Amino acid sequence: MPIRLPSNRPADRFYRGGARICAFRAEPPPAGREPEDWIASTTTVAGEARTGLTVLPDGPGGAGILLRDAVTADPVHWLGRAHAQRWGADTRLLVKLLDAGQRLPVHAHPDDAFAAAHLGRAHGKAEAWYILSGGTVHLGLRDDIAADRLAGMVARQETDEMLALLHRVDVHAGDVVWVPPGELHAIGEGVLLLELQQPEDLSILLEWRGFALDGAADGHVGIGFDRALTAVNRRARSAAEIAGLVHPAPVGNEGPVLPAAADAYFRLERHVLDGSAVVAAGFAVVVVTAGEVVIGGADARAGTTWLIAAAEGDVVASGRGELLVARPPAP
């Protein structure tokens, strides 16, 4: 059976948010800075031993089991034989709800090669967003920028100037945004989104003024800004390129939800139900974004999140509503 997952909101993050996640999930308001809900997470918050990990709702003696440990114990059950043969117990996926209670800082994430060479990590951090409540996002440089100019802006914390370097894009509910590794970006205040990403917590922060963090110490992933900023794409994006990164999501089988470039990292399906549909076999994280549906025999209202193991096979969803189905890359 699909497993209904409870909220998993790490506390005391460096930016404000969380109220929209609570409203989406029909839960009480957050206690503080809880702007992210880590769904089906086998990933920890940077520098933490356990924070961020998903606890499954059932376990021996009533105690919850970490999803990470369950997958490690039986990767074929959870991820499927082909996935386990290629990647072992690595789910290759982290899904989040994110509520920008304030504009996020301008930042970027390293790619796989940089993360392996400089950080000793198995993945970089590509990401994509499905917009649930719209607003403004900032993505990609409008003009090329020299390395020394960018480094100087970071050192002097010229935050307004940095934000002005980026394309400003209005997004609406139902839009998707693909953020390749290395691309500078910032999410605007008021945006609620579902994020698919590689399973790492790696951010190169170019600004930190006004946020609850010491960016000078923590913004360069522990390797110093001289090296960290070499992971940033300093090439301009044309308006046509930005249009390729941000677009309305197709429905069902009209085509892939995310651009083809994202397929190497993760996949996203969208199902608008008025009757029934099949969620095909495979490890899947399902978010019900609207309506009331039944997933594999379980009642699922808007705002609930579900985990399906590959061993469950095809799962039928029925009713009226909308499902987002996040998956790792195809093996």
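FYI, it's all coordinate maths here, none of it is from the lab. What you are looking at is a predicted structure, and each value in this text was computed from that prediction instead of being measured. Reconstructed Cβ throughout: ideal geometry from the backbone, glycine too, with neighbour counts over all protein chains shown.
Computed from phi, the 3J(HN,Hα) profile of the range 76-93 under the Karplus parametrisation 6.51, -1.76, 1.60 (θ = phi - 60°) reads 5, 4, 7, 10, x, 5, 5, 4, 5, 5, 8, 10, x, 8, 7, 5, 6, 7 Hz, with x in place of Gly and Pro.
Peptides 25-34, 40-49 ranked from most to least packed give 40-49, 25-34, packing being the mean of other C-beta atoms within 10 angstrom over each peptide's residues.
The modelled label-to-label distance for the pair LEU66/SER133, using points 7 Å beyond Cα in the direction of Cβ, is 3.2 nm. As a ratio to 2.2 N^0.38 Å, the alpha-carbon radius of gyration for the chain is 0.97. Beta bridges per DSSP, both residues in the chain: antiparallel share near 100 percent. For the pair ARG86 and ALA261, a Förster radius of 30 Å applied to the C-beta separation gives a FRET efficiency near 0.90, rounded to the nearest 0.05. For the range 266-327, what class follows from the C-alpha gyration tensor (a ≥ b ≥ c being the square roots of its eigenvalues): rounded when a/c is under 1.5, otherwise prolate if a/b is larger than b/c, else oblate? Since a/c reaches 1.5 and a/b is larger than b/c, the shape of the range 266-327 is classed as prolate. For the range 1-146, rounded, prolate or oblate, judged on the Cα gyration tensor with a ≥ b ≥ c (square roots of eigenvalues), a/c < 1.5 rounded, else prolate if a/b > b/c? Since a/c reaches 1.5 but b/c is at least a/b, the shape of the range 1-146 is classed as oblate. When a/c is below 1.5 the answer is rounded, else prolate if a/b is larger than b/c, else oblate, so apply that to the range 59-138 with a ≥ b ≥ c taken from the square roots of the Cα gyration tensor eigenvalues. It is oblate, given that a/c is not under 1.5 and a/b is not larger than b/c. In the chain, Cα pairs under 8 Å separated by at least six residues give a relative contact order of 20 percent.
Judged by the mean number of other Cβ atoms found within 10 Å, the most tightly packed of the peptides 261-267, 210-216 leads the ranking 261-267, 210-216. For ILE65, the residues 5 or more places off, or on other chains, whose built amide H falls under 5 Å of its own are LEU56, ASP58.
Between ASP299 and ALA212, the FRET efficiency from the beta-carbon distance, with R0 = 51 Å, is close to 0.85. Using the Cβ-Cβ distance between SER276 and ASP226 with R0 set to 45 Å, the FRET efficiency works out to roughly 0.20. Each helix, a run of at least 4 DSSP H residues, gives -39500 (n - 2.57); summed and divided by the residues of the chain, these come to -4000 deg cm²/dmol at 222 nm. Using the Karplus relation 6.51 cos²θ - 1.76 cosθ + 1.60 with θ = phi - 60°, the per-residue 3J(HN,Hα) values for the range 27-35 come to 10, x, x, x, 6, x, 7, 10, x Hz, with x marking Gly and Pro.
Between the C-alpha center of the range 195-250 and that of the range 43-112 there is a gap of 21 Å.
Extension gain for GLU158-VAL251 works out to 29.4 nm (0.36 nm per residue, less the C-alpha to C-alpha distance).
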